[in-house]
């Protein structure tokens, strides 16, 4: 006889249970569907019997579920519980999913294995758990102290704020297990005996008490105790909520301090109603205005202080500012009690009530009368040069900004730099220099029209801004006029002399529309005029701009190379023709830049000399040359000398001899191991300093060589003054010497001249055996050039010496 599930369990149980009951066979086909299942899934039982269980499951979970049931069937287990943690979900008729919990039992019906699933919808439980979680989060997030205790005062719960107030760790054990422990002894008795009893009788109790905080310090609190009864067992418990009163007490103290501060403040403070009538003024207000608080009360500021302002317009501006939620600040002119004019820098801010409505205005102010007068004097000083009374750079830039904003075309800017001004300062003194600058300023003003502006940028730099329609021709005529005016002698310190100047001209708008670019372009043109000898003017051009940019990037690259070890000494051997051996090396500066690779000395040496970086370049090359020479000696190659080039600029440094002496000592070299090469340029001019420096260096035992001889003036008169022991003949006179009769004639003359002055001679740029053989028959003692070796690093030079020794066949 076949037995159904209802017969096995009982119809009332299956139909009345709130749990869904689903019976499936071994093929997981639904064989029974109780009313609770109909309600849970939304399917009628008649439609579900005979359907696969998959219809009650999410599509993505069906395969796993079938495998689970199959595994359960083969496991020998009779029951299995599928919890929420396993991610069980049911699928309703409308396609929505819900969390579920299931218990599965295996039973035999009519000799076949079936499975009974009892399912519970966990949606409500999860919602309740979520509510509990949110309540817990609220309790933990509230800044107030919250605790729960039983009727004996035993603490069941403390929130995070409570633990912090009590100084207890948030995640560790706590000693605060009873209300008696968290209150001072005098308070604990009141709370346990009176407060809990009152709360139990009336439902709540409220009062000011104290808690024991960290290190048992008393914390004043406002405490509320609420009584509760458990709905299930009727048990009683209490919730305790306490608010730390320290901030409130501190606020009261701050308010008291604020009141005292207002009375003692140096600044004026006043409070008005919304109509502007004064309700309060502090003593500083009384001192500043001369009116007492009684006299001020009930009157408007403008009425009290006889302001000329339009009160209606003023309050309209005030309301507009406050509408934008901004305080209103303005410097206003008032008259104090005795008619003295005062300037008050005042700020008005609204005072809102709890509803956000403006109830009052609070004003603060300071008498800035003297400050404004001082600022006016400082502004005058800030915009005019104190020495010449001309407008200064700030004034010029402001004037340019105004003029160029209008957009009118055809304006010109002339930058002027006096030639030789430093020499005058050094010769006659700074007082004479100042006198000349004042005279130049007046003369420049005499050459300009009323619309023009003459300004002094600083030092000996002036600017003429032609603020009128001018073209290049007119600007050039003005430059000529200025140069002519400066050529007329100036009388300074009992001397009469003209003043030369270099002028750079830039035009608006073709040379630029920005102040900075116009000034920069004028400076570029002026620099070009000075570089070409001075006492002339140059117009700015794009080619000048490119040249200035190239010079800027060359200087930048050189500075980077100096900082990063990019300046290196390479060495070319010096060969003695008579002895047939390498006797020394010339150190040649080379520069490596990451952006440009190896940079030619013809590019970076002029930039180094113009910027003063030649001192650092020379210092690094000298250091490397002496270190290399020491290394060659230590390796067994005792050369006679290493030659280092010296720029004329370096000879103006007073510290040069001491610096060279220090380098020699640092590397253990004798002075005769170093030779310094200088060009004929050093001999030019009347400045005795370079020759004195060379004489000093020669007196230290350092050899001096005259480099590139024959390419400059080559005057015997200069040679007579020059403290040198060696002459180096330039490559131009060596090239093709074996077949060029003109070069042969020049070379013989130079060699005779050198021999007459007692100079040893080194020929540079020897590249062929024929050239070397020809020189061997003359008075030329040494040669260097590609025939004997290219410039190379110190390490490579040492390897060359190791490979060849010091003897070189030619």
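What number of residues in region 696-711 are in a helix (DSSP H, G or I) and in contact with a strand residue (DSSP E or B) (Cβ under 9 Å, 6 or more places away or on another chain)? Write out each step before concluding.
Pass one, region 696-711, residues in a helix (DSSP H, G or I): 696-699.
Then keep just the ones that are in contact with a strand residue (DSSP E or B) (Cβ under 9 Å, 6 or more places away or on another chain); that gives 697-698.
Of the residues in region 696-711, 2 are in a helix (DSSP H, G or I) and in contact with a strand residue (DSSP E or B) (Cβ under 9 Å, 6 or more places away or on another chain).
Residue by residue, here is whether (1) outside the structural domain of residue 34 (by TED's automatic domain parsing); (2) modelled with pLDDT under 85; (3) under 15 Å from residue 21 (Cα atoms) holds:
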site	(1), (2), (3)
79	no, yes, yes
86	no, yes, no
90	no, no, yes
99	no, no, no
109	no, yes, no
Exercise for review: Search region 261-287 for residues that are at positive phi and pair each with any residue that is surrounded by fewer than 18 Cβ atoms within 10 Å (Cβ to Cβ) when their beta-carbon atoms are under 7 Å apart and the residues are at least 6 apart or on different chains.
Suggested key: 276/300
Practice item. Please verify whether region 498-518 includes one or more residues that are more than 44 Å from the chain's Cα centre (by Cα), farther than 14 Å from residue 537 by Cβ and surrounded by fewer than 17 Cβ atoms within 10 Å (Cβ to Cβ). Key: yes
Practice item. Name the single residue, out of those in region 596-642 being part of a loop (DSSP other than H, G, I, E, B) and within 32 Å of the chain's Cα centre (by Cα), that is surrounded by the most Cβ atoms within 10 Å (Cβ to Cβ). Key: 613
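Tell me which residues, restricted to region 417-455, are part of a loop (DSSP other than H, G, I, E, B) and at negative phi. Don't jump to the end; show me each part of the working.
Restricting attention to region 417-455, the residues satisfying the condition of being part of a loop (DSSP other than H, G, I, E, B) are 419-420, 429, 448-452.
Result: 419, 448, 449, 450, 451, 452.
When you scan region 614-637, how many residues do you find that are out of contact with any helix residue (DSSP H, G or I) (no Cβ under 8 Å at 6 or more places or on another chain) and at negative phi? Break it down into steps so the answer makes sense when it comes.
To start, the set of residues in region 614-637 that are out of contact with any helix residue (DSSP H, G or I) (no Cβ under 8 Å at 6 or more places or on another chain) comprises 621, 625, 633-634, 636.
From what is left, the residues that are at negative phi are 621, 625, 633-634.
Total meeting the criteria: 4.
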Practice item. Considering (1) closer than 17 Å to residue 795 by Cβ; (2) surrounded by 17 or more Cβ atoms within 10 Å (Cβ to Cβ); (3) modelled with pLDDT of 90 or more, say which one residue 660 fails and leave the rest. Key: (1)
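List the strands (runs of 3 or more DSSP E) inside region 456-498, counting only whole elements, that have at least 3 residues being in contact (Cβ under 8 Å) with a residue 24 or more places away in the chain and over 24 Å from residue 386 (Cα atoms).
Numbers: elements: 461-466, 490-492, 495-497.
Of the strands (runs of 3 or more DSSP E) lying wholly inside region 456-498, none has at least 3 residues that are in contact (Cβ under 8 Å) with a residue 24 or more places away in the chain and over 24 Å from residue 386 (Cα atoms).
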Revision key, fill the gap. The condition from (1) under 15 Å from residue 268 (Cβ atoms); (2) surrounded by 14 or more Cβ atoms within 10 Å (Cβ to Cβ); (3) out of contact with any helix residue (DSSP H, G or I) (no Cβ under 7 Å at 6 or more places or on another chain) that residue 329 misses is numbered (2)
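Consider region 244-275. How many of its residues are touching a helix residue (DSSP H, G or I) at 6+ places or on another chain (Cβ under 7 Å) and either at pLDDT 85 or above or part of a helix (DSSP H, G or I) (or both)? So that I can check it myself, show each step before the final result.
Our first condition is that a residue be touching a helix residue (DSSP H, G or I) at 6+ places or on another chain (Cβ under 7 Å); within region 244-275, this holds for 244, 263, 265-270.
After this cut, where a residue has to be either at pLDDT 85 or above or part of a helix (DSSP H, G or I) (or both) as well, the list is 263, 267-270.
The total comes to 5.
Take residue 335 and decide whether it is modelled with pLDDT of 80 or more and touching a strand residue (DSSP E or B) at 6+ places or on another chain (Cβ under 7 Å).
So residue 335 passes the test.
For residues that are outside any loop (DSSP other than H, G, I, E, B) and in contact with a strand residue (DSSP E or B) (Cβ under 6 Å, 6 or more places away or on another chain), scanning just region 301-326, find the one that is modelled with the highest pLDDT. Break it down stepwise before answering.
In the first step, residues of region 301-326 are kept if they are outside any loop (DSSP other than H, G, I, E, B); the result is 301-304, 311-323.
Going one step further and asking which of them are in contact with a strand residue (DSSP E or B) (Cβ under 6 Å, 6 or more places away or on another chain), we end up with 318, 321-322.
Working: 318: 70, 321: 73, 322: 68.
So, considering only residues that are outside any loop (DSSP other than H, G, I, E, B) and in contact with a strand residue (DSSP E or B) (Cβ under 6 Å, 6 or more places away or on another chain), the one modelled with the highest pLDDT is 321.
Out of all the residues in region 566-575, is one or more closer than 28 Å to residue 761 by Cβ, part of a strand (DSSP E or B) and in contact with a helix residue (DSSP H, G or I) (Cβ under 7 Å, 6 or more places away or on another chain)? Walk me through it before giving the result.
Taking region 566-575 as the starting set, the residues that turn out to be closer than 28 Å to residue 761 by Cβ are 569-575.
Next, from what is left, pick out any that are part of a strand (DSSP E or B): 569-575.
Restricting the remaining residues to those that are in contact with a helix residue (DSSP H, G or I) (Cβ under 7 Å, 6 or more places away or on another chain) gives 569, 571.
Yes, region 566-575 contains at least one residue that is closer than 28 Å to residue 761 by Cβ, part of a strand (DSSP E or B) and in contact with a helix residue (DSSP H, G or I) (Cβ under 7 Å, 6 or more places away or on another chain).
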Review point. Given the conditions (1) crowded, with 16+ Cβ neighbours inside 10 Å; (2) part of a helix (DSSP H, G or I); (3) in contact with a helix residue (DSSP H, G or I) (Cβ under 6 Å, 6 or more places away or on another chain), which single one is not true for residue 101?
Key: (2)
Review point. Regarding residue 403, is this residue over 30 Å from residue 279 (Cβ atoms) and either at pLDDT 85 or above or part of a strand (DSSP E or B) (or both)?
Key: no
**Study point:** Test: residue in region 125-146 that is touching a residue at least 24 places away in the same chain (Cβ under 8 Å), more than 30 Å from residue 104 (Cβ to Cβ) and crowded, with 18+ Cβ neighbours inside 10 Å
**Key:** yes
Check your understanding: Within region 741-773, how many residues are outside any helix (DSSP H, G or I), crowded, with 16+ Cβ neighbours inside 10 Å and free of Cβ contacts under 8 Å to residues at least 60 places away in the same chain?
Key -> 8
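The values are calculated or read from the model by the stated rules, or taken from the named source; none is laboratory data. Just so you know, these numbers come straight off a predicted model, no measurement behind them. Here the Cβ is made from the backbone with ideal geometry for all residues, glycine too, and neighbour counts use every protein chain on show.
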